[in-house]
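Here's the structure we're looking at; comments come further down.
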Amino acid sequence: MSRVKKIALSGVLTALALALSYFERFIPLGLIIPLPGVKLGLANIVTVAALYFFGPLPALAVAALRCALGSFFGGGVSSLLFSASGALLSWAAMSAVSRAKTFSVYGICLFGAAFHNIGQTAAAVLVLGPAVIYYLPYLLAVSLFTGTVTGLISSGVLSRVKRL
């Protein structure tokens, strides 16, 4: 695949990740999981697709641009801090695990969800103080659910795209 085509497809993936990130604000997940700030992580599906089809660096670009543009369009500096810390740590974990070739897309998504929560909790500790670390076990428990959901969707997306 040519460099220009990779860049163009990465731009499309970034736009898709941004749209999914915006869309999931309207999913009332708080009715099922009564924890503040919990989201499914639908944009992570796009990062996983970029990781599988283009490799770690393009996936990093998609994740970083989604965070930057998302905070520019509707979040601000604090949004960027929390979004980027979660997304970048998630990307690093998923990239490392995918290189090992021992985990399926489900395992990769579970690692991504868990490390996203770890990254956001680390940012919260920096901003709000060490007391918020007690929120992390609840977030990690929820990441089992959200990672499974994104793994299920990612698996479907990857198999369909591979057929094309």
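The values are calculated or read from the model by the stated rules, or taken from the named source; none is laboratory data. Remember, predicted model here, so these are calculated numbers, not experimental data. FYI the Cβ positions are ideal-geometry reconstructions off the backbone, even for glycines, and counts take in every protein chain you see.
General remarks:
- Residue within the stretch 9-29 that is closer than 20 Å to Ile153 by Cβ, touching an Asp or Glu at 6+ places or on another chain (Cβ under 8 Å) and not in a helix (DSSP H, G or I) present: no
- Condition check for Gly41 on (1) on the phi < 0 side of the Ramachandran plot; (2) assigned to a loop (DSSP other than H, G, I, E, B): one failure, at (1).
- Hits in the stretch 9-19 (condition: without any contact (Cβ under 8 Å) to a residue 40 or more places away in the chain and either surrounded by 18 or more Cβ atoms within 10 Å (Cβ to Cβ) or over 14 Å from Phe73 (Cα atoms) (or both)): Gly11, Val12, Leu16
- Checked against the criterion of being of a type in the set (A, V, I, L, M, F, W, C), in contact with a His (Cβ under 8 Å, 6 or more places away or on another chain) and within 30 Å of Pro137 (Cβ to Cβ), the candidates Leu40, Leu51, Leu80, Leu89 yield just one match: Leu89.
- Residue satisfying all of: in the stretch 59-94; surrounded by 19 or more Cβ atoms within 10 Å (Cβ to Cβ) and not hydrophobic (A, V, I, L, M, F, W, C); nearest to Lys6 (Cα to Cα) among these: Arg66
- Considering each residue of the stretch 116-131 in turn, none proves to be over 30 Å from Val77 (Cβ atoms), without any contact (Cβ under 8 Å) to a residue 12 or more places away in the chain and assigned to a helix (DSSP H, G or I).
Quick grid of which residues meet (1) over 20 Å from Ile32 (Cα atoms); (2) assigned to a helix (DSSP H, G or I); (3) of a type in the set (S, T, N, Q); (4) in contact (Cβ under 8 Å) with a residue 12 or more places away in the chain:
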| residue | (1), (2), (3), (4) |
| --- | --- |
| Tyr138 | no, yes, no, yes |
| Ala141 | no, yes, no, no |
| Phe145 | no, yes, no, yes |
| Val157 | yes, yes, no, yes |
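- Every test in (1) at pLDDT 95 or above; (2) farther than 17 Å from Ala15 by Cβ is passed by Ala124 save one, and that test is (1).
- The listed residues are Leu13, Leu35, Leu29, and the only one of them that is more than 21 Å from Val142 (Cα to Cα) and not aromatic (Phe, Trp, Tyr) turns out to be Leu13.
- Within the stretch 95-107, considering residues that are closer than 15 Å to Asn44 by Cα and in contact with a Ser or Thr (Cβ under 8 Å, 6 or more places away or on another chain), the one surrounded by the fewest Cβ atoms within 10 Å (Cβ to Cβ): Tyr106
- Residue in the stretch 31-53 that is surrounded by fewer than 18 Cβ atoms within 10 Å (Cβ to Cβ), within 18 Å of Leu88 (Cα to Cα), aliphatic (A, V, I, L, M) and over 14 Å from the mean Cα position of the chain (by Cα) present: no
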